[in-house]
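The structure appears below as structure tokens.
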Amino acid sequence: MQHTNTQDTLVGLFVAAGIAGLFFLSMQVSNLSSFTEHDSYTITARFENSGGLKVKSPVSAAGVKIGQVTGIRFDPKTYQSVVSLSIDVQYNNLPEDTTASIFTAGLLGEQYVSLEPGGSDDYLKNGGNIEITQSAIILEKAIGQFLFKSAEEKAEGKKK
Amino acid sequence: MMIKFLQLLGKSTRASFTKLGRASFFLIQIVSGIASVLPRPRLLLKQMYSVGVLSFLIITISGLFVGMVLGLQGYYTLSDFGAEETLGVMVAASLVRELGPVVSALLFAGRAGSALTAEIGLMKATEQLSGMEMMAVDPIKRIISPRFLAGLLSMPLLAALFSAVGIIGGQLVGSGLLGVDEGAYWSQMQANIDFQDDIINGVLKSLVFGFVTSWIALFEGYDSIPTSEGVSRATTRTVVNSAFSILGLDFILTALMFGDD
């Protein structure tokens, strides 16, 4: 009887350790604890170019993550990229004239949407639209322009 | 000569198909036997001990070392690109998606699967199984099904432990030894590992592996030639076939789960 009792305890310990491992993986390792979708509202923003933005990219205001991108589609009428942003419901006081920009975290990091609140007294509601946007900076374009410009300057310098 | 070759080919094909048939029939018997295990949890508990608890140590220690190696190798490669901060993502993603389920299943096949085959094979060789049948005790319900269920339940737990310990090992090496920022290690991980896509799929993978490994181990034991040589061959076949099916299935599952991203 003693023997089976220790066995029971060990099996219990094993199962508890396994479940603790699963719990650790879901809480500490994955994004389960950081964001849940059901207590959020959705707004849309139209960009000329959304660059490398992806679904699930973070949305931040003043550097703090307040939501995530839930959808990106191309509007064939205006030729713009329509990005749906899901914002945590506790941040429901974003002014209507908030601007949205797409930035890159670090030089090679992932892209995210940054919201800068304006000064309006009316707040963005579920289904609202951000009017003022700034497109993603395409690195290749910027480098191309820089090279082109410096080559031009050199050529002008030679002429003089 | 040609005829002989064709005969040989036909014979081996037929043999492998009949074996597959026997294995499938055996699986149906096992699964229908599970219902009679549930009212007797003591049978299951005993097998959980020998299949799960006794594999605990090898799984955690291997997990720790695999995680530490990942941390080390990942750091060397990532620091070339100045991206050491993403070490956590790399370690966690490779462990949770691939290495956790696969390596723990391979270890499980070697540690627990071979033991199951040898045990069942010896029971058959010493005619314990036919003895049970004589006493009107169904050996499938009494011996096989509890072991199958124990393997199926233990595998996801062991894989989760493997991944969890590995991630901690990667953190020990990464931020303890090599100086990756600890906060960045965890926060980058949390930002990039998805619960549904990564964790749940990893658990599903390990469930599939547990199912297949236990099935192969029990079938090889049950189907073995009841001599000492037959049992030793069956044990070898268990490990080889399990390894093949785990790696092959892993490819298929990965293609299905992470394909459309």
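The values are calculated or read from the model by the stated rules, or taken from the named source; none is laboratory data. Keep in mind it's a predicted model, so treat the numbers as computed, not measured. As a convention, Cβ positions derive from the backbone with ideal geometry for all residues, glycine included, and neighbour counts pool all protein chains shown. What goes into the accessible areas is simple: the full protein's heavy atoms, side chains included, and nothing from ligands, DNA or RNA. Shrake-Rupley method; radii C 1.70, N 1.55, O 1.52, S 1.80 Å.
With respect to A:G18, determine if the residue is within 14 Å of chain B (Cβ to nearest Cβ) and over 26 Å from B:D197 (Cβ atoms). It is false that A:G18 is within 14 Å of chain B (Cβ to nearest Cβ) and over 26 Å from B:D197 (Cβ atoms).
Let's see how each residue does on (1) among the aliphatic types (A, V, I, L, M); (2) assigned to a helix (DSSP H, G or I):
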{"position": "B:L172", "(1), (2)": "yes, yes"}
{"position": "B:S175", "(1), (2)": "no, yes"}
{"position": "B:Q190", "(1), (2)": "no, yes"}
{"position": "B:N201", "(1), (2)": "no, yes"}
{"position": "B:L204", "(1), (2)": "yes, yes"}
{"position": "B:L207", "(1), (2)": "yes, yes"}
{"position": "B:A217", "(1), (2)": "yes, yes"}
{"position": "B:P226", "(1), (2)": "no, no"}
{"position": "B:G230", "(1), (2)": "no, yes"}
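Of all residues in region B:135-190, exactly one satisfies the criterion of being acidic (D, E) and within 13 Å of chain A (Cβ to nearest Cβ), namely B:E182. With respect to A:S86, determine if the residue is among the small types (G, A, S), open to solvent by less than 30 Å² (accessible area, probe 1.4 Å) and either away from every other protein chain (no Cβ under 14 Å) or assigned to a loop (DSSP other than H, G, I, E, B) (or both). Here the answer is yes, as A:S86 does meet what is asked. Checked against (1) part of a strand (DSSP E or B); (2) under 28 Å from B:G82 (Cβ atoms); (3) open to solvent by 90 Å² or more (accessible area, probe 1.4 Å), A:F74 meets all criteria but (2). Looking only at region A:36-65, which residues are in a strand (DSSP E or B), among the polar types (S, T, N, Q) and either within 14 Å of chain B (Cβ to nearest Cβ) or touching an Asp or Glu at 6+ places or on another chain (Cβ under 8 Å) (or both)? A:S40, A:S60, listed by residue number. A:M1 meets the conditions (1) at the interface with chain B (Cβ under 7 Å from one of its Cβ atoms); (2) over 30 Å from A:N126 (Cα atoms); (3) modelled with pLDDT under 75 in every case but one. The failed one is (1).
Residues checked against (1) closer than 23 Å to B:G110 by Cβ; (2) among the small types (G, A, S); (3) over 13 Å from the mean Cα position of the chain (by Cα):
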{"position": "B:D181", "(1), (2), (3)": "no, no, yes"}
{"position": "B:N192", "(1), (2), (3)": "no, no, yes"}
{"position": "B:N201", "(1), (2), (3)": "no, no, yes"}
{"position": "B:V208", "(1), (2), (3)": "yes, no, no"}
{"position": "B:F211", "(1), (2), (3)": "yes, no, no"}
{"position": "B:S228", "(1), (2), (3)": "yes, yes, yes"}
{"position": "B:V231", "(1), (2), (3)": "yes, no, yes"}
{"position": "B:A234", "(1), (2), (3)": "yes, yes, yes"}
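Among the residues of region B:142-199, those that are aromatic (F, W, Y) and either in contact (Cβ under 8 Å) with a residue 12 or more places away in the chain or surrounded by 24 or more Cβ atoms within 10 Å (Cβ to Cβ) (or both) comprise B:F148, B:F162, B:Y185, B:W186.
In region B:51-65, the count of residues that are open to solvent by 80 Å² or more (accessible area, probe 1.4 Å) and away from chain A (no Cβ under 13 Å) is one or more.
Within 14 Å of chain B (Cβ to nearest Cβ) and either part of a helix (DSSP H, G or I) or among the aromatic types (F, W, Y) (or both): is that true of A:Q68 in this structure? No. Going by the structure shown, is B:K11 out of contact with any His (no Cβ under 6 Å at 6 or more places or on another chain), open to solvent by 70 Å² or more (accessible area, probe 1.4 Å) and modelled with pLDDT under 90? For B:K11, the condition - out of contact with any His (no Cβ under 6 Å at 6 or more places or on another chain), open to solvent by 70 Å² or more (accessible area, probe 1.4 Å) and modelled with pLDDT under 90 - is not met.
Of the residues examined, B:A35 is not one that is small (G, A, S), within 10 Å of another protein chain (Cβ to nearest Cβ) and either free of Cβ contacts under 8 Å to residues at least 24 places away in the same chain or open to solvent by 70 Å² or more (accessible area, probe 1.4 Å) (or both).
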